[in-house]
Amino acid sequence: MRDFSNDHSALALNTATLGHNIDGHGAGWSPERVIDACAERGYGGIVFWRREIGSRAAEIGERVRAAGMQVVGLCRTPYLTGRDAGSDDEVRASIDMAAGLGAPVLTIVTGGTQPDSKGILDSQKRLADRVARIAGYAAERGVALALEPLNPMFGGNRTCIFTVADALAVCDAVGAENLGVAVDVYHVWWDRTLAASLRQAQGRILGYHLCDWLENTRDMLLDRGMMGDGVADLRAIRAAVEGAGYAGPCEVEIFSGQDWWRRDPAEVLPARTRPDECLVP
């Protein structure tokens, strides 16, 4: 495994760590202030959310690169399945935004189960059909699509894929070269089949999201732990991810409405430098 204990350039900040993904949370820093703070602290990249970008994708992307970092990705497409699914035009607009930023990866959180279905198989088929419709356009724009499985507690309204194996099955059904998987510790740490699934994901992991699962989680969506504060086996998960060929940025993504989002970002940003098992081999 790579050793990040002294060199943090392989770490990227997902701006959700500052509460920028949900209205009414966080300090509300501008993209420019986030960029400057990350560059000062040695991050190698940033992942933004669409709500921060608006019509300024090219400008913000250039600002990141001028600061010596990379735009690692963009969160996320509109939902593709379920009651709140976006239109094809809305999904293509998110791809255009990623391309404008110069983001190589656009994350897909799938959306929930289809209103007229039971179980998940019909929704996963619908998901594969929709991904197949947009994958070619994304490839033309130079954007890869990363399917992110979510913890099963989000089944129904947020996702219809729960494991890396689920995501790989959709990838296999679509067969697009620019389609892969995003592995988020919060969502997959519990899965006893994870190591085996990651071995099957060789060359198809497009993102790795760092956080921790707190022993006494108070809010299923907005109470993630900083790395080392919870019960996930971070060293083992990263070893499996890198063993599957992933050598890209490790993305710090902490949804924390009751803790980290209430702190000064100047306190939050250096937290990733604490000596813990996610940084050292």
Rounded to the nearest whole number, the Stokes-Einstein translational diffusion coefficient of segment 153-281 at 4 °C and 1.567 mPa s (Kirkwood radius, C-alpha pairs) in µm²/s is 84
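If you count the DSSP beta bridges with both ends in the chain, what percent of them are antiparallel, to the nearest 5? All intermediate terms of the calculation are to be shown ahead of the outcome.
Details: 2 of 31 bridges.
Just about 5 percent of them are antiparallel.
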Of the DSSP H helices in the chain, the ones reaching 18 Å or more along their long axis in Cα terms and averaging at least -0.5 in Kyte-Doolittle hydropathy are 88-101, 121-140
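Of the listed peptides 192-198, 148-154, what is their order by residue-averaged count of other C-beta atoms within 10 Å, with the highest listed first?
Working: 192-198: 16.4, 148-154: 19.3.
Those peptides, ordered most packed to least, come out 148-154, 192-198.
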Along segment 255-261, Karplus-curve 3J(HN,Hα) (6.51, -1.76, 1.60; θ = phi - 60°) to the nearest Hz, with x for Gly and Pro, reads 7, 8, x, 9, 9, 5, 6
For the chain, averaging the sequence separation of alpha carbon pairs under 8 Å that lie six or more residues apart and dividing by its residue count, the contact order in percent is 20
Asserting the computed 222 nm helical MRE of the chain (DSSP H runs at least 4 long, -39500 (n - 2.57) per run, divided by residue count, to nearest 500) equals -9500 deg cm²/dmol
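Each value in this text was obtained by applying a stated rule to the coordinates, not by laboratory testing. Remember, predicted model here, so these are calculated numbers, not experimental data. Cβ atoms come from the backbone with ideal geometry, glycine included; neighbour counts cover every protein chain shown.
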